[in-house]
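For reference, the structure is listed below as structure tokens.
The values are calculated or read from the model by the stated rules, or taken from the named source; none is laboratory data. Everything numeric here is computed off the predicted structure, so don't read it as measured data. Reconstructed Cβ throughout: ideal geometry from the backbone, glycine too, with neighbour counts over all protein chains shown.
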Amino acid sequence: MGRGMKRERRLIIALDVEAEKALWIAQQTSELCDAFKVNYPLVLSAGLEVVDRLSARGDVLCDLKLADIPEINRLIVKLLFDHSASGVIVHGFPGEDSIMACIEAAKGDVFVVTLMSHPGAERFLAPAAEDIAAMARDKGAAGIIAGATRPERIARFREIVGDLMILSPGIGPQGGDPREAIRQGADHLIVGRRITQAENPAMAAEEVLREIERAGESL
């Protein structure tokens, strides 16, 4: 496996905005985060070249939540890393062969979704989340995704995955508390609108970093 994401600032900024704004925010905040997360809206509107462009500013985590058969997952992961991605997010529910296809094709980090941050995840994902976390651990993923909106589950996932990285989305408008997510075991917070919709994204990112620091001091 090649170069993965940095592990210094504990903040990942979700760039769910149009391409030029994403590039501007990346310019303003590149020293304040470990990675930029991109999702389907940005990649589909701007093309995979936006991953190359953002990678000039920092590590890029491609959040395409891959959930296909192994061969399709493999082809997509190869494309993403050929365009300078540092990490990719995949779903665990398609099974271990689909996860392994991603890990084998990756030239960086693979993160497996255990439990998403929205309320609807309770119906189908929540009952299988711990099994998915264990599968991610056993198959050699770099880490898992666990929503900050359910911090008590983060603590349980930490028991399961050990030293694997836990990335937690859902901070801000979705209701996740950055300090509680860190206290329960999250390694990185994924923050989008709180930063991208701010008049001064760098200032908003610095505020999140201060909350992360205070949470770490209380452990």
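Can you go through Ser45, Ser84, Ser98 and tell me which one is surrounded by fewer than 24 Cβ atoms within 10 Å (Cβ to Cβ), modelled with pLDDT of 95 or more, of a type in the set (Gly, Ala, Ser) and closer than 26 Å to Ala148 by Cα? Exactly one of Ser45, Ser84, Ser98 is surrounded by fewer than 24 Cβ atoms within 10 Å (Cβ to Cβ), modelled with pLDDT of 95 or more, of a type in the set (Gly, Ala, Ser) and closer than 26 Å to Ala148 by Cα, namely Ser98. Among the candidates Val60, Val90, the residue that is out of contact with any Cys (no Cβ under 9 Å at 6 or more places or on another chain) and modelled with pLDDT of 95 or more is uniquely Val60.
Just wondering, is there one or more residues in region 134-156 that are within 18 Å of the chain's Cα centre (by Cα) and among the polar types (S, T, N, Q)? Checked against the condition, which is being within 18 Å of the chain's Cα centre (by Cα) and among the polar types (S, T, N, Q), region 134-156 yields at least one hit. From the list Arg57, Arg74, the lone residue that is out of contact with any Asp or Glu (no Cβ under 8 Å at 6 or more places or on another chain) and among the basic types (Lys, Arg) is Arg57. For first residues located in region 145-158 and of a type in the set (D, E, K, R), partners that are in a loop (DSSP other than H, G, I, E, B) and lie 6+ apart or on another chain with Cβ distances below 8 Å form the pairs Arg150/Ser117; Glu152/Gln184; Arg153/Gly147; Arg158/Gln184; Arg158/Gly185. Only residues that are over 18 Å from Ala215 (Cα atoms), surrounded by fewer than 20 Cβ atoms within 10 Å (Cβ to Cβ) and in contact (Cβ under 8 Å) with a residue 24 or more places away in the chain were counted in region 171-195, giving 2. In this structure, does Ala133 turn out to be crowded, with 22+ Cβ neighbours inside 10 Å, of a type in the set (A, V, I, L, M, F, W, C) and in contact with a Pro (Cβ under 9 Å, 6 or more places away or on another chain)? Considered against the rule, which asks whether it is crowded, with 22+ Cβ neighbours inside 10 Å, of a type in the set (A, V, I, L, M, F, W, C) and in contact with a Pro (Cβ under 9 Å, 6 or more places away or on another chain), Ala133 comes out as no. Of note, Ile132 does not satisfy the criterion of being β-branched (Val, Ile, Thr), in contact with a Lys or Arg (Cβ under 7 Å, 6 or more places away or on another chain), at pLDDT 95 or above and outside any loop (DSSP other than H, G, I, E, B).
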